[in-house]
Structure formats: C-alpha cells, structure tokens
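K.L.:
Before I ask anything, here is the structure I am working with.
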Amino acid sequence: MSYRSILTHVPIGHDNSNVFAVSGQLAEMFDAQIIGISGAQLTRPYSEVPVADIMQREREAAEKALEQVELDFRAAFRSSNSKVSWRSACDFWPVSEFLAQEARAADLIVTPPEAVTFLDRLDETHLGPLVLTAGRPVLIIPREHRRLNLDKVVVAWKDTREARRAVMDALPLLQKAHAVSVVEICSPGTIKEAHQRTEDVARWLKSHGVEAHGIAESCEFNELEGLRARLRNKGCDLLVAGAYGHTRLHEWAFGGITMDLLLPGSHCTILSH
C-alpha cells in the first residue's frame, strides 16, 4: 500500500505554503502525483428582487480568486519532478462536497486546519463533513508547518471500526515513522483490557514493518483531556485517529475526541472515517 495520488486542498485567501510544502514532501516520498483543488461557494439568492448583477459580480470575483490560487499552486511546484494537475469549482454547493466528490481520484487529502473562530468558519471549507464523506484519509497540516516530521507518531486508539480504518489508511506513513505509540486513554478500572488492545495493534503494526508499542493510560477525566496531556508531555509530530459523527447534525466526535482535532494545533493529524 502506498499513496500514489495526493489531493492538495488550496483554500482561497490564505498563505498555503504549509500544504504546498508537505504535499511536495509526500509526493517525493511516495513517487506520487499531486492534484491541486480549490472551490468557492456562491451565495444562493433568497429574494425575489432581481440580483443578477450582484450574483455576476460575486461569481467573477470568485473565479478570479480561483485563478490566483491556481497560479500559486503551479508556481509552488514549478521545479518539482512530480506530475501536477488542477481542479476547481465555483457553485452554490459547499466546497467540502466538491472536495469529497473529487477525492475519488486520490489516496490522501492534504488540507490546512479548520478556522478557529465561528465567523471565519462561515466563509471557509468545513472539514468535518469532508472527513466524514470523502472516503479517504485527511491529513491536516498546521499553517506554520513546512514539513511533516515522523519522529514521534501517536495512534489515538479506540476499539472501533473507524480507528482500525485510520490505522490502515495511515500505514504508509507509519511504515516510515521512527517510533509509533498506540495509545488508549481509559478509565482506571479498564487499564488491563486497554493494554491488551493496544498491544494487539502494536503487534499487527510490527508485522507490517512498523516500530510500534502499545500504551494504556488511565484518566479520571474525559478521553480528550487525557490525550491532550499525553501529547503535551511526551510530544507528537503526527496524530492518527478515527473520525465519528453525523454531518446532518454537525456533531463531531473523534474516538472520544471532539472537533478539537480539526482546529489548529502543534502537530499534524490524519483522520479517517
């Protein structure tokens, strides 16, 4: 298993150096092609008052912005040996739906994190629906990162289908990692069972050439706080986690970890549903 096609999400109006740099690194690492992609969601009119001129101006501005991000994308990979191509759309549907649809052409989606504030998120791609509907792993790159380090990789384990899917989808990266910790945060009374589960996963990873070990840690609070403490104290370059949720209700929970994983952090995160 390998990543032979990378879908690089290039949002409008941002410095996308992070996704450019990491996509180029991955393309070189796996001899993969890079597909740049961006979209703009137009405002759907809800008034009977004629708004044709306003809509036309909005479309022209969006198309101009998409042309600019395409130029930025092609310039970033001008000296690259990787094959690159570009896709974009300007329509009334959410950009996340367009990205998920085009994910059929890729093995991995690379994207910046969710916007921090509610107002910023109104104008940006929502990563929750993308993660839940793309059918591909989504690698989230913090905006200040210019490289994906694989010295310390943490698998946030929960004994579910989604977590198993996440580990399988991340296997090409795990095989290149220096060290992988399979971590389950559990209640004090289930530490023995959790240790057995993480050791099973670690043994499976070792059979695929991954240097892995299992860790079970008890936490009197919730899983998210326990995982945060683990990552803060031990460090992490890449977090691997399963994704759970209901897109219609905008409810996200990622192996006991909330939408927190979609927001900017100090480490990269790969999510699978």
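We did not get these values from a lab; they are worked out from the coordinates using the rules stated. This one's a predicted model, so the numbers in the text were calculated from it and none came from an experiment. Neighbour counts are summed over all protein chains in view; Cβ atoms, including those assigned to glycine, are modelled from backbone coordinates with ideal geometry.
K.L.:
Per DSSP helix of 4 or more residues, -39500 (n - 2.57); summed, then divided by the residues of the chain. What does that give at 222 nm, rounded to the nearest 500?
P.N.:
Helix contribution divided over all residues of the chain: -11500 deg cm²/dmol.
K.L.:
Using 0.36 nm per residue of separation minus the Cα-Cα distance, give me the extension gain between residue 75 and residue 93 in nm, one decimal.
P.N.:
That pair, residue 75 and residue 93, stretches by 3.7 nm at full extension.
K.L.:
Between residue 190 and residue 104, with labels modelled 7 Å along Cα→Cβ, what's the label distance in nm to one decimal, could you check?
P.N.:
Those two pseudo-labels are separated by 3.9 nm.
K.L.:
Same structure, new question: Which net charge results for the neighbourhood of residue 67, defined as the other residues with beta-carbon distances under 13 angstrom from its beta-carbon, given Lys and Arg at +1 and Asp and Glu at -1?
P.N.:
For residues surrounding residue 67, the net value is -1.
K.L.:
Then there's this: List the aspartates and glutamates whose alpha-carbon lies under 13 Å from that of residue 158, not counting same-chain residues fewer than 8 positions away?
P.N.:
184, 193, 199, 200, 217, 223
K.L.:
Another question, then. Please work out the FRET efficiency for the pair residue 61 and residue 28, using the Cβ-Cβ distance as r and a Förster radius of 41 Å; give the result to the nearest 0.05.
P.N.:
According to the calculation, E is roughly 0.70.
K.L.:
Pick out, in residue order, every one of the GluC sites (Glu not before Pro) in the range 160-196 that is DSSP loop and has at most 10 other C-beta atoms within 10 Å; say none if there are none.
P.N.:
Loop-located and lightly packed - none at all.
K.L.:
Quick one: if the Förster radius is 45 Å, what FRET efficiency do residue 82 and residue 161 give, using the C-beta to C-beta distance and rounding to 0.05?
P.N.:
Result of the calculation: an efficiency of 0.85.
K.L.:
Once the Cα atoms of helix 52-76 and of the chain are each reduced to a long axis, what angle between those two axes, in degrees from 0 to 90 to the nearest 10, is obtained?
P.N.:
For 52-76 against the chain, the angle is about 50 degrees.
K.L.:
Oh, and also: Among 126, 145, 208, which one shows the biggest mean-square fluctuation in a GNM of the chain, springs joining Cα atoms closer than 10 Å?
P.N.:
208
K.L.:
Sticking with this structure for a sec: Write down, largest first, the equivalent ellipsoid semi-axes of the chain in whole Å, where each equals the square root of 5 times an eigenvalue of the alpha-carbon gyration tensor.
P.N.:
The equivalent ellipsoid of the chain has semi-axes of 35, 22, 14 Å.
K.L.:
Further question: Nothing charged except the Cβ atoms of Lys and Arg (+1) and of Asp and Glu (-1): what's the magnitude of the dipole of the chain about its Cα centre? Round to the nearest 20 debye.
P.N.:
Magnitude of the dipole: close to 760 debye.
K.L.:
Local charge sum around residue 109 (other residues, Cβ-Cβ under 13 Å, Lys/Arg +1, Asp/Glu -1)?
P.N.:
Spelling it out: positives minus negatives among the neighbours equals 0.
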